[in-house]
Amino acid sequence: MSADIERKVAIVTGAAGGIGRQIVLKLASAGAYVLATDLDLAPVKDLFSQQTQAGSVYPLAADLKQYADYERIVRAAVDTFGHLDILVNNAAFLVRHDALAATVDEWDIMVTVNLKAAFFLAQKAAARMATAPAGRIINVSSQAGHSGGAADCPIYAITKGGLITMTRALARAFAPNGITVNSVAPGIVMTDMISGTLSAEQIKDLLSHIPIGRATNADEIAEAVLFLASNRAASITGHVLDVNGGMLMR
């Protein structure tokens, strides 16, 4: 079924991560033009090379800790492709410390990358989307934003809970401009954020709590993003789409 996003222009943050790169490839394969941004895009340059040569993916290195880069990202998308239709706030930063050991520096970087950047990118993107027939903002949150997450990453869960609330607040704020704002909340996806920060035993324990018996694939998250970016989701806004294999049922 067509996603109806041919020639739409999208921004995807966190494009070098496991979920981010699948979102970029999914949108590009559906006919969208994608500005793919991350702090370091070197690991995925080869992956995006074919789409880049075809003119459908434009890689841009940017630092979401820097407020000036938010406007630079949005302006680059418009200058490169002529307009802006879709923003996917996917970038996230995680440090594992329990609440008693967490530091103010960890708080600052997670709140900045996971929440502040998403808000101000949405603000700046929405200003450019006001002339588009149907703007789409999709925030990649987490089941931790509902449950409070694991004991060793409370700040991450706090930022993801904030992102879910922000989704609803901006859905109301931007609806008069024809812009929908939704969120996809993954459960366990085997990206570096999981495999690189947890032991094999911890991962095995997590998987044992998933009713479907496996982790979610990054491509399944990308499919959910594609749906919310499409005309099929035109009447959906302020919604959080849980894609977690039943790990959390609400």
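Just a few scattered comments:
- A protection proxy built from the mean count of other Cβ atoms within 10 Å ranks the segments 47-59, 81-93, 154-166, most packed first, as 81-93, 154-166, 47-59.
- Among Val24, Gly245, Leu84 - extreme Cα towards positive end, dipole of the chain, charges at beta-carbon: Leu84
- Positive-pole candidate from Leu121, Ala229, Thr191, dipole of the chain, charges at beta carbon: Ala229
- Among the listed pairs Lys8/Lys160; Lys116/Lys204; Lys65/Lys124, those beyond 23 Å (Cα-Cα): Lys8/Lys160; Lys116/Lys204
- Under-5 Å amide H pairs with Leu60, H placed in peptide plane, nonlocal only: Ala36, Thr37, Asp38
- Projected label points at Ala130 and His97, each 7 Å from Cα along the beta carbon direction, are separated by 4.1 nanometres.
- Sorted ascending by nearby beta carbons within 10 Å, beginning with the fewest, Val140, Val111 become Val111, Val140.
- Here the chain is treated as an ellipsoid with the same Cα gyration tensor; its semi-axes, largest first and in whole Å, are 27, 19, 19.
- The dipole here belongs to the chain: it is taken about the Cα centre, uses +1 on the Cβ of Lys and Arg and -1 on the Cβ of Asp and Glu, and is about 740 debye.
- If you look at the Cα atoms of the stretch 1-90, you get an Rg and a Dmax of 11.9, 39 Å.
- For the stretch 129-167, backbone nitrogen atoms closer than 17 Å to the point 7 Å from Ala175 Cα along Cα-to-C-beta are found at 134-138, 165-167.
- Each residue of the stretch 14-22 was assigned a 3J(HN,Hα) from its phi angle through the Karplus curve 6.51 cos²θ - 1.76 cosθ + 1.60 (θ = phi - 60°); the sequence is x, 6, 8, x, x, 6, x, 5, 5 Hz, with glycine and proline shown as x.
No value in this document is a laboratory result; all are computed from the given coordinates. Values in this document were obtained by computation on a predicted structure and should not be read as measured data. Every residue, glycine as well, gets a Cβ built from its backbone with ideal geometry; the counts of neighbours run over all protein chains shown.
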